Amino acid sequence: MRLHSSRFRGLLGAAGGVSLTLTSIALVPAGASTTSHVSVVGYSVAGPVTKALETAFQKTPAGQNVTFTNSFGASDTETNNVVNGQSADLVNLSYEPNIATLVTAGKVPVNWARQELTYGRVNPALQGKRQQTVYPTPGIVTDSVVVFVVRPNNPLHIATWGDLIKSGVQLVTPNPLTSGSAKWNLLAGYTSQLSLKRTPTQAQNYLKSLLANTVAQPTSGSAALSTFLAGTGNVLLAYEDDALAANAAGDAIEIVTPPQTLLIENPVALTQTGVANPAATAFYQYLFSTRGQSIYSSFGYRSVLKSVWTHNQNAFPSFKKASYLWTIAKIAKGGWTSVDPTFFGTSIVFPSNDATHPSSGIVTYLEQFAGKNT
């Protein structure tokens, strides 16, 4: 399954029309006479769309006289920078454990996931005809999926996860020590095997082979794309939205959506200073408005708002079976709280009857075994 640039450009061109036809939430002006400032910190891939959202927001009554400063980079790195004192009113990071780190550090309120309702005016708990979000995970501002990026005309005929472990395949995927994108990518490979009814042990064996074919692990999703575009490797694991943006920009790539993949859910949160900043809360609300979500969609994100997603979903590849699109909640009941230490924890623990397949620190062990991150 492929999403070609012409189709994506059509969606990009239609974004303005979408936002006009959908009902937008009223926003409370952040202040008409004095200048207000908002500091935004985010994962690398979110940089371009966030800047577009800021520009669009500044043209609204709520955005008059609001200025922004931005910092985008590897998600774990940006998280640690905020912990260490970097200014941030709003954080848009790759995955929920980054937000949890900021909660522990006292930078983000404990109830951050409820901000989607209290400030965004969107209730992810509603169901049936009243359902507002596509998926029930609170605090998520964008959805995406893990895709393969290949060279023009797909010379290796890459189509499935099984193709990635064949001889001659050279993979580029970010480093899980610094990048949330890397974690999404590796978990997508793992869950692809579970979709095919393989055991967790077989899925670990698959990851071992996947890492053996990995030739570069840059610090972030954006850095990985740049590395691939510069000529390294013949397959890149990437966010769908990042790949679509590269395709629309005319980069010489093709996008392959594998039959099985993982839903990427990127969280957003107002920090302690952001909650006290009317301009930041108004911008947060704008991100969840139909206008804001339509801009996200125009940049290749799968909207979290059901109304916007229903309008735009035909521009994105679908899946033969609903079970082929995994979520973090499906991997483990505790979601990221369980998934992160199980796969990416620094403590490697083996069950008593198996000295080669860890029960925690799975990727940490496999990275060391493959000679990565040692």
*Determine the gain in length on full extension of the stretch Asp354-Gln202; use 0.36 nm per residue of separation and subtract their C-alpha separation, reporting nm with one decimal.*
53.4 nm
*List the DSSP H helices in the chain whose Cα atoms stretch 20 Å or more along the helix axis and whose mean Kyte-Doolittle hydropathy is at least 0.0.*
5-21
_If packing is taken as the average number of other Cβ atoms within 10 Å across a peptide's residues, how do 219-228, 121-130 rank, most packed first?_
219-228, 121-130
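Round to the nearest 0.05 the FRET efficiency obtained for Ala125 and Val103 when R0 = 22 Å and r is the Cβ-Cβ distance. Before the final figure, lay out the partial values.
Numbers: r = 20 Å, r/R0 = 0.93.
So, using R0 = 22 Å, E works out to roughly 0.60.
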*What value, in deg cm²/dmol to 500, does the helix sum -39500 (n - 2.57) over DSSP H runs of n ≥ 4 give at 222 nm once divided by the residues of the chain?*
-11500 deg cm²/dmol
*Residues Val41, Val145, Val110 arranged by fewest to most Cβ contacts within 10 Å*: Val110, Val145, Val41
*asked:* Checking a compactness column here: for the chain, what do you get for Rg(Cα) / (2.2 N^0.38 Å), N being the number of residues?
replied: 0.96
*Taking a threshold of 24 Å on the Cα-Cα distance, which of the pairs Lys51/Lys129; Lys166/Lys197; Lys208/Lys330; Lys129/Lys183 fall above it?*
Lys51/Lys129; Lys129/Lys183
*If you bin the C-alpha pair distances of segment 280-354 every 10 Å from 0, what whole percents do you get?*
16, 26, 30, 18, 8, 1
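Every number here is computed from the coordinates shown, using simple stated rules; none is lab data. Because the structure is a prediction, the values reported are computed rather than measured. Neighbour counts run over all protein chains shown; Cβ positions are idealised from the backbone, glycine included.
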